[in-house]
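The values are calculated or read from the model by the stated rules, or taken from the named source; none is laboratory data. Note that this is a predicted model, so its numbers are computed, not measured. Glycine also receives a Cβ, built like all others from the backbone with ideal geometry; neighbour counts cover every protein chain displayed. Side chains included, ligands, DNA and RNA excluded: accessible areas come from the protein's heavy atoms. Shrake-Rupley method; radii C 1.70, N 1.55, O 1.52, S 1.80 Å.
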Amino acid sequence: MGVKLLVVDPQPFFCEALAAAMEGSDEVEVVGWTTDELEADRLASRRSPDVVLTEIELAGGSGLSLARRIAGGTAVVVLTRGHEGDVLLDAVAAGAIGCLSHDLEPGELIQHVRRAADGEFAIDPGRLHAELRRAARSQKGAGSPKLALLTAREREVLTLLARGLDNQAIA
């Protein structure tokens, strides 16, 4: 039996396409998909996936908030459309056991999902060094030293505020 996977992404088409791509493998069984953080939490409780693959920004909620909510009981891998280095440290702080880019081939993604299910950190090794250096540079140039004192959640809320979301949308 393959690794049980729950896919969480704000775009239903992407969820369905990824689920279909994964279904062709004997190594992964997709147990569901959703676009919403709270629904993902409910699905994770009911279907007991081995791995939850989540985008950072969801239609309802946040992948980082989801990781904080379920990490420890379920391996969470953040999948981002941006650079892994932009979210890597926040993903790890939220409890994720991996951080990957959308530009992986399905076979590569399956291998990373298997590694995460086995408790190994899932990241493209070819990008790890470059992304960590990039993240370190962005932390150094973060501007105000006070900004560096913010928690990952506080930085996440600040970013969402900067994008124009109101308190209800952020919550």
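Taking into account only those residues within the stretch 59-78 that are in contact with a strand residue (DSSP E or B) (Cβ under 8 Å, 6 or more places away or on another chain) and farther than 21 Å from ALA171 by Cα, which is surrounded by the most Cβ atoms within 10 Å (Cβ to Cβ)? Walk me through it before giving the result.
Pass one, the stretch 59-78, residues in contact with a strand residue (DSSP E or B) (Cβ under 8 Å, 6 or more places away or on another chain): 59-61, 63-64, 66-67, 70, 74-78.
Right, trim to farther than 21 Å from ALA171 by Cα and you get 74-75, 77.
Numbers: THR74: 22, ALA75: 28, VAL77: 26.
By that ranking, first place goes to ALA75.
Among the residues of the stretch 75-82, is there at least one that is in a strand (DSSP E or B), modelled with pLDDT of 95 or more and hydroxyl-bearing (Ser, Thr, Tyr)?
So far as the stretch 75-82 goes, no, none of its residues is in a strand (DSSP E or B), modelled with pLDDT of 95 or more and hydroxyl-bearing (Ser, Thr, Tyr).
Just for the stretch 15-58: of the residues that are free of Cβ contacts under 8 Å to residues at least 12 places away in the same chain and hydrophobic (A, V, I, L, M, F, W, C), which one is most open to solvent (accessible area, probe 1.4 Å)?
ALA20
Within the stretch 4-14, which residues are part of a strand (DSSP E or B) and open to solvent by 10 Å² or more (accessible area, probe 1.4 Å)?
Here is the first cut: in the stretch 4-14, the ones part of a strand (DSSP E or B) are 4-8.
The one that is part of a strand (DSSP E or B) and open to solvent by 10 Å² or more (accessible area, probe 1.4 Å): LYS4.
Considering only the stretch 48-72, state which residues are closer than 19 Å to VAL28 by Cβ and in a loop (DSSP other than H, G, I, E, B).
SER48, PRO49, ASP50, GLU55
Does the stretch 79-118 hold any residues that are out of contact with any Ser or Thr (no Cβ under 9 Å at 6 or more places or on another chain), over 17 Å from ARG153 (Cα atoms) and open to solvent by 50 Å² or more (accessible area, probe 1.4 Å), and which are they?
Once the filter is applied, which keeps residues that are out of contact with any Ser or Thr (no Cβ under 9 Å at 6 or more places or on another chain), over 17 Å from ARG153 (Cα atoms) and open to solvent by 50 Å² or more (accessible area, probe 1.4 Å), the stretch 79-118 yields ASP103, GLU105, GLU108, GLN111, ARG114, ARG115, ASP118.
In the stretch 41-62, what residues are farther than 20 Å from ILE110 by Cβ, of a type outside the set (D, E, K, R) and within 13 Å of the chain's Cα centre (by Cα)?
ILE56, LEU58, GLY61, SER62
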